[in-house]
Amino acid sequence: MISTTLSLWGKGAVTLPKKWRDRFQTKNFLAEEDAGGNLVIKPLEDVVYYEKNSRIGLHFPRGMEGHEFLARLKMAEKSLRRKEMAKRKRRTLHESL
């Protein structure tokens, strides 16, 4: 397994080394935490993100197993809920000051 040190930039961006960007023919990656608390970054090949007429979505030209899509959707929903709860807590704290 090849590993390298990545730097976190001001707004949370991480730059992948050029050799990895060239190796994986995609601009979309999935970052997830595994059971051991490690961050794992995986390429999402053949996935197209789009925004059109106030709609956003993903297109999987080769398809994706239904259970995998559902699992990813649930993870995204949990993340959005956590962010919304944190935003509410900050707002409440700010209003109480």
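The values are calculated or read from the model by the stated rules, or taken from the named source; none is laboratory data. In this text the structure is predicted, and so the values were computed from the model without any measurement. Cβ coordinates were reconstructed from backbone atoms using ideal geometry, including for glycine residues, and neighbour counts include every protein chain displayed.
Miscellaneous remarks
- Residue within segment 68-86 that is at pLDDT 85 or above, among the hydroxyl-bearing types (Ser, Thr, Tyr) and out of contact with any strand residue (DSSP E or B) (no Cβ under 9 Å at 6 or more places or on another chain) present: yes
- Test result for Lys83, basic (Lys, Arg), outside the structural domain of Ile2 (by TED's automatic domain parsing) and closer than 30 Å to Ser3 by Cβ: yes
- Contact map, segment 8-20: first residue more than 13 Å from Pro43 (Cα to Cα) and in the same structural domain as Lys42 (by TED's automatic domain parsing), second residue in a loop (DSSP other than H, G, I, E, B) and of a type in the set (Ser, Thr, Tyr), Cβ cut-off under 8 Å, separation 6 or more or different chains; pairs are Trp9/Thr15; Val14/Ser7; Thr15/Ser7; Pro17/Thr4.
- Residue within segment 44-64 that is β-branched (Val, Ile, Thr), closer than 20 Å to Ser3 by Cα and assigned by TED's automatic domain parsing to the domain that holds Met1 present: no
- Test: residue in segment 44-52 that is loosely packed, with under 10 Cβ neighbours inside 10 Å, at pLDDT below 75 and among the acidic types (Asp, Glu): no
- The set of residues in segment 1-14 being under 14 Å from the mean Cα position of the chain (by Cα) and surrounded by 10 or more Cβ atoms within 10 Å (Cβ to Cβ) consists of Val14 alone.
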